[in-house]
Structure formats: structure tokens, C-alpha cells
Amino acid sequence: MKALAKWAMSGRWQAIVAAGGCLAVPLLFWIGAAILALVVLRQGVREGGQVVLWAVLPAIAWSAIGDPTPLIVAIGTSAMAALLRYSIRLDWSMLLACGLGVLVYLLLPLLLSEVLPQVVASSETAVSGALKDQPELLAHLQPLIAPMINGVLAALHVLVFILCLLLGRYWQSELYNPGGFGTEFKQLRLPLAFSLPATLVCLTAGQLQPDLAGLTPVLTVPLMIAGLALFHGVVKISQASPNWMLLVYLALMLFGPYMYTLLIFVALLDSLLNIRTRLKDTAGNE
């Protein structure tokens, strides 16, 4: 993929062909979005915007026949890349991804007006069958099913936004500034003004209105990414073995919900305490 990114950066039409070709293939749209992020990061909004306008034509075609995801991801990732280029703040891009996720959450019922009701109906039937002996619990969960399904789908879009941006930023680093991406990612820390309210919303989701509770998956994705970045940073500062990060990712796959929750609270603690700075100060004193 690095070779593809290098070829895409050799000229405008090469970038359009590379990104547009990937966006035309359903399972490769994320590579196309990452190429668009690379172009915008490297060349700015003026030049990169022209590439985006031409490259998203296949994604527009997919959207017209009922699959808006490639178009949403391409536009969302490009917007995040533009913000990152001019702000040089990865945390701001994470917050923009969350804002885009809220927008996706609101628009999905319109964009997937045929598919989403069928998914919700199937899920409601399954939950009703599983909880037929617990009517009180069923009555509590029934209104949450549709918003939570919508929220999980929006959260998946947010995750893809972020991963595509990080891939584009990684390519930019490898091609033009080796090592820059690693340093930037390991310093990622979300502002407390986001982390604290987001965590409180997640903790009180059960008491919120169903439509607000459905937003909780969207809010957790940037926190999870920030928690992973903290682990990467701590491993670097402590000069520990990289195998520790392998264990973190294995734990995330094997103990998904528990590790995911841990990453959220770790990200909140980092917003409060700036853990990496404290570790650096401790290491300096020693």
C-alpha cells in the first residue's frame, strides 16, 4: 500500500485514479479515503480539494444505489485531514470525527431508510424472544434498540474516519518525514472539556432519553483511540518492550468490552493528569 501511496503522490491524476479506483471497489473504499487524506495533508485544501471532487465520483455512484458509506468516509476523512493540516492538532481531528459521527447518527435513518428498519425489526424480535420471561427488562430495553443500533453504526463510521486519517498520516510520515507519525500519535491526549462530559454521558446512558443514549457509542471511539495512544506513549517513555503493546491489542480482541471500558477511563485519567508528562518528569528526576 505504501507503493500505491507513493505513486498517487506523483501527480494529480495519479492521485485521482488511485483514490477513485479504490473508492469504486466496495471493500477497498478505506484505502481510497486514506489516499485522499494523504493528498490533503501534503498539498492542502486547494489542490487536495480538486482531487477529492473527482475521486469521490465512484462513491457518489455507490451512494445513489444505496450504499453511502464510501462517500461518507471519503468526505469525513478529507475534512479531518484538512483540519489536521492547518491546526497540526491530532486531538482536534479526533473531536471533529466525533462531531461527524453525531451527524451520521442523525442522517443514517434517512440514508438507510430501507435497510435500517429491517435490521431494527430483526433485532427487536430477537431481544423479545430472549427476554420473554423478563417483561420489565424487555420494557426497559425495547426503546433503546433502534437508537443503539443506529449509534453503533455511526460509531463504526467514526472509527473508520480515524483509522483512514491515521493511515494517511502514516504514509505522509513514511514518505516525507520518517518517524513523525509515531511521535505525534504517542502524544495524543484529548481535552478534559470533551473527555469528562463524554464519560459522564456513557455512565448515565441508561437514564437518558433513548435518542441521547444512542450517541454513547459515538462518544467512546475517540476515547478508545486516545487510551491506545497513551499506552503507546507510556511504553516509549518507560523504554519497555514493544511486546507490551501486542498484549494490549490481544486483550482488546479477547476481552473486548472490558478492555474497551478500561481504555475509556485511562483516556479520562490522562486528560485529568497528563500521565505522560508526569512520567517524563519522574524519569528526568531519576
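Which ones in the range 105-129 are part of a helix (DSSP H, G or I) and loosely packed, with under 12 Cβ neighbours inside 10 Å? I'd like the intermediate steps shown before the answer.
In the first step, residues of the range 105-129 are kept if they are part of a helix (DSSP H, G or I); the result is 105-111, 115-129.
Selection gives L110, Q118, S122, T125, A126, G129.
Does the range 151-169 contain at least one residue that is free of Cβ contacts under 8 Å to residues at least 12 places away in the same chain and over 21 Å from D67 (Cβ atoms)? Give the steps one after another, and end with the answer.
Within the range 151-169, the first condition is being free of Cβ contacts under 8 Å to residues at least 12 places away in the same chain, and the residues that meet it are 156.
From the residues that got through so far, the ones that are over 21 Å from D67 (Cβ atoms) too are none.
No, there is no match, as no residue in the range 151-169 is free of Cβ contacts under 8 Å to residues at least 12 places away in the same chain and over 21 Å from D67 (Cβ atoms).
Inspect all residues belonging to the range 74-81 and state whether any of them is among the polar types (S, T, N, Q), farther than 30 Å from G227 by Cα and in the same structural domain as I16 (by TED's automatic domain parsing). Steps first, answer last, please.
Initial filter on the range 74-81 (among the polar types (S, T, N, Q)): 77-78.
From what is left, the residues that are farther than 30 Å from G227 by Cα are none.
Among the residues of the range 74-81, not one is among the polar types (S, T, N, Q), farther than 30 Å from G227 by Cα and in the same structural domain as I16 (by TED's automatic domain parsing), which makes the answer no.
Filter the range 33-79 down to residues that are outside any helix (DSSP H, G or I) and on the phi < 0 side of the Ramachandran plot and give me whichever is modelled with the highest pLDDT.
First, pick out the residues of the range 33-79 that are outside any helix (DSSP H, G or I): 56, 65-68.
Still in the running and on the phi < 0 side of the Ramachandran plot: 56, 65, 67-68.
On the way: V56: 96, I65: 89, D67: 89, P68: 92.
Applying the filter and picking the extreme gives V56.
Could you grab the pairs with beta carbons closer than 9 Å, sequence gap of 6+ or different chains, first residue in the range 245-269 and not assigned by TED's automatic domain parsing to the domain that holds G227, second one part of a helix (DSSP H, G or I) and crowded, with 16+ Cβ neighbours inside 10 Å?
That search, which allows pairs on different chains as well, returns nothing.
Looking at the range 79-100, can you tell me whether even one residue there is of a type in the set (F, W, Y) and in contact (Cβ under 8 Å) with a residue 60 or more places away in the chain?
As a first pass, look at the range 79-100 and keep what is of a type in the set (F, W, Y): 86, 92.
From what's left, in contact (Cβ under 8 Å) with a residue 60 or more places away in the chain: none.
Scanning the range 79-100, I find no residue that is of a type in the set (F, W, Y) and in contact (Cβ under 8 Å) with a residue 60 or more places away in the chain, so the answer is no.
Restricting attention to helices (runs of 4 or more DSSP H) lying wholly within the range 154-237, give those where 3 or more residues are under 27 Å from R42 (Cβ atoms), touching a Phe, Trp or Tyr at 6+ places or on another chain (Cβ under 8 Å) and of a type outside the set (D, E). Lay out the reasoning, then the answer.
On the way: elements: 180-186, 192-203, 210-213, 216-237.
In the range 154-237, the matching helices (runs of 4 or more DSSP H) lie at 216-237.
Looking only at the range 62-86, which residues are among the hydrophobic types (A, V, I, L, M, F, W, C) and either over 23 Å from P109 (Cα atoms) or in contact with a helix residue (DSSP H, G or I) (Cβ under 8 Å, 6 or more places away or on another chain) (or both)?
W62, L71, I72, V73, A74, I75, A79, M80, A81, A82, L83, L84
Please name all residue pairs, on different chains or six or more residues apart, with Cβ atoms under 8 Å, provided the first residue is in the range 181-201 and is among the hydrophobic types (A, V, I, L, M, F, W, C) and the second residue is not in a helix (DSSP H, G or I).
These pairs meet every condition: V201/L208; V201/L215.
Within the range 261-271, count every residue that is surrounded by fewer than 18 Cβ atoms within 10 Å (Cβ to Cβ) and touching a helix residue (DSSP H, G or I) at 6+ places or on another chain (Cβ under 6 Å).
Step one: filter the range 261-271 for residues surrounded by fewer than 18 Cβ atoms within 10 Å (Cβ to Cβ), giving 261-262, 265, 269.
Still in the running and touching a helix residue (DSSP H, G or I) at 6+ places or on another chain (Cβ under 6 Å): none.
Number of matching residues: 0.
The values are calculated or read from the model by the stated rules, or taken from the named source; none is laboratory data. Keep in mind that this is a model prediction, so the values were computed, not measured. Cβ coordinates were reconstructed from backbone atoms using ideal geometry, including for glycine residues, and neighbour counts include every protein chain displayed.
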